[in-house]
């Protein structure tokens with residue numbers, strides 16, 4: 001039976017952001033499976049617009065999650081049958097500085113006002129509890145109240161990582177209704193050997209050295225990551241004279257320039273690719289010998305930057321942490337470092353540089369595990385099971 005999906009999200013492509021890209025993948029995948037999909041999201045202007053994008057009806061509403069906007073959403077959902085409402089939940093995505101209690105109350109009453117099934121995908125759950133500063137404590141408390149309000153009437157609870165499960169159980173979720181939906185890569189697999197060769201040439205330039213070892217990092221180069229990445233690069237640079245670094249993603253050029261300004265030795269060792277299309281990004285990831293992806297909370301299944309490395313079959317060094325799921329320890333998908341110490345990262349990278357068989361094994365395992373467990377097809381299969 002054909003379903004009609006109403007996807008409620010704070011952002012949708014071409015708006016930047018991992019949630020926006022993910023929503024587009026899910027919406028397009030459901031349409032390709034012959035379902036009908038309407039996406040409701042915020043407008044960048046003071047106008048409401050409605051377009052059809054590759055078979056997906058996209059309604060961008062001004063003040064979509066205000067009281068008036070929520071009434072319009074209710075009316076739109078009432079007009080369709082066989083309806084599944086899927087909320088892409090990030091607390092701050094719905095306005096009011098992450099404290100939109102009206103939105104949480106609206107979600108909790110969807111069953112009363114519409115003939116629909118309700119699912120929430122928690123990309124994030126709530127701001128961590130804290131007593132200081134006071135406004136952070138208030139945000140954390142209201143975030144938790146919002147979740148407690150929505151959970152009782154939710155038919156399916158999805159999480160982007162099992163790391164959120166304990167928090168949801170603490171807030172009243174039924175364990176039997178929690179399902180993990182890992183976030184797939186928003187970067188494709190590189191398919192053109194010529195583009196990969198050209199990317200490699202751009203990274204290493206006209207160097208006559210035949211044994212450059214190219215270490216890539218893909219991300220947005222915010223301070224949480226660069227504070228980890230900078231000392232890792234220095235530690236690797238000291239141990240691997242033939243190391244080159246490919247910094248890939250928005251913000252990479254600024255970070256590269258700051259490194260080169262701090263030490264002239266970096267001048268010919270760093271390449272930055274800033275703000276390119278997904279296919280180009282994939283080619284540069286594929287051109288690297290390995291990737292290094294440090295995360296403050298550890299590797300987990302909601303990291304699209306990590307997924308981009310796996311889909312392109314790259315041996316990847318990342319770290320354990322409070323949000324790191326058991327699967328990364330149980331399966332040899334990545335080279336997992338059990339600390340954030342730069343020397344430990346450097347040791348793992350040096351090992352990969354000297355052991356081509358280990359690198360190749362990780363390349364194959366990463367790609368295979370991605371397609372078996374993380375690809376968008378797996379997400380769509382789990383949504384198909386929801387009747």
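The values are calculated or read from the model by the stated rules, or taken from the named source; none is laboratory data. Just so it is clear, the structure is predicted and the values come from calculations on it, not from any experiment. Note: ideal-geometry Cβ built from the backbone for every residue, glycine included; neighbour counts use all protein chains shown.
Does residue 129 satisfy the condition of being at pLDDT below 95, within 26 Å of the chain's Cα centre (by Cα) and either surrounded by 14 or more Cβ atoms within 10 Å (Cβ to Cβ) or not assigned by TED's automatic domain parsing to the domain that holds residue 303 (or both)?
yes
Here is a list: 169, 224, 228. Which entry is within 27 Å of residue 128 (Cα to Cα), assigned by TED's automatic domain parsing to the domain that holds residue 295, in contact with a helix residue (DSSP H, G or I) (Cβ under 9 Å, 6 or more places away or on another chain) and part of a helix (DSSP H, G or I)? Walk me through how you get there before you give the answer.
Values: 169 fails: assigned by TED's automatic domain parsing to the domain that holds residue 295; 224 fails: in contact with a helix residue (DSSP H, G or I) (Cβ under 9 Å, 6 or more places away or on another chain).
On inspection, the qualifying residue turns out to be 228.
Just checking, which of 38, 74 is under 20 Å from residue 380 (Cβ atoms) and either outside any loop (DSSP other than H, G, I, E, B) or touching a helix residue (DSSP H, G or I) at 6+ places or on another chain (Cβ under 6 Å) (or both)? Please lay out each step first, then the result.
On the way: 74 fails: under 20 Å from residue 380 (Cβ atoms).
Going through 38, 74 in turn, just one is under 20 Å from residue 380 (Cβ atoms) and either outside any loop (DSSP other than H, G, I, E, B) or touching a helix residue (DSSP H, G or I) at 6+ places or on another chain (Cβ under 6 Å) (or both): 38.
Just to confirm my filter: which helices (runs of 4 or more DSSP H) fall fully inside segment 274-349 and include at least 2 residues that are modelled with pLDDT under 95 and under 16 Å from residue 161 (Cβ atoms)?
Values: elements: 278-287, 304-311, 327-330.
The helices (runs of 4 or more DSSP H) meeting that bar are 327-330.
Quick one: would you say residue 80 is within 20 Å of residue 156 (Cβ to Cβ) and at pLDDT below 95?
Working: within 20 Å of residue 156 (Cβ to Cβ): yes; at pLDDT below 95: yes.
Yes, satisfied.
Restricting to segment 1-24, count the residues that are assigned to a loop (DSSP other than H, G, I, E, B) and in contact with a strand residue (DSSP E or B) (Cβ under 9 Å, 6 or more places away or on another chain).
Going residue by residue through segment 1-24, those that are assigned to a loop (DSSP other than H, G, I, E, B) are 1-3, 9-17.
Filter again for in contact with a strand residue (DSSP E or B) (Cβ under 9 Å, 6 or more places away or on another chain), leaving 2-3, 9-13, 15.
So the answer is 8.
Any chance you could count how many residues in segment 84-106 are in a helix (DSSP H, G or I) and in contact with a strand residue (DSSP E or B) (Cβ under 6 Å, 6 or more places away or on another chain)? Full working, then the answer.
Of all residues in segment 84-106, those in a helix (DSSP H, G or I) come to 91-94, 96-98, 101-106.
Checking which are in contact with a strand residue (DSSP E or B) (Cβ under 6 Å, 6 or more places away or on another chain) leaves us with none.
Selection size over segment 84-106: 0.
Return only the number of the condition from (1) at pLDDT 95 or above; (2) touching a helix residue (DSSP H, G or I) at 6+ places or on another chain (Cβ under 7 Å); (3) not in a helix (DSSP H, G or I) that residue 63 does not satisfy.
Unmet condition: (1).
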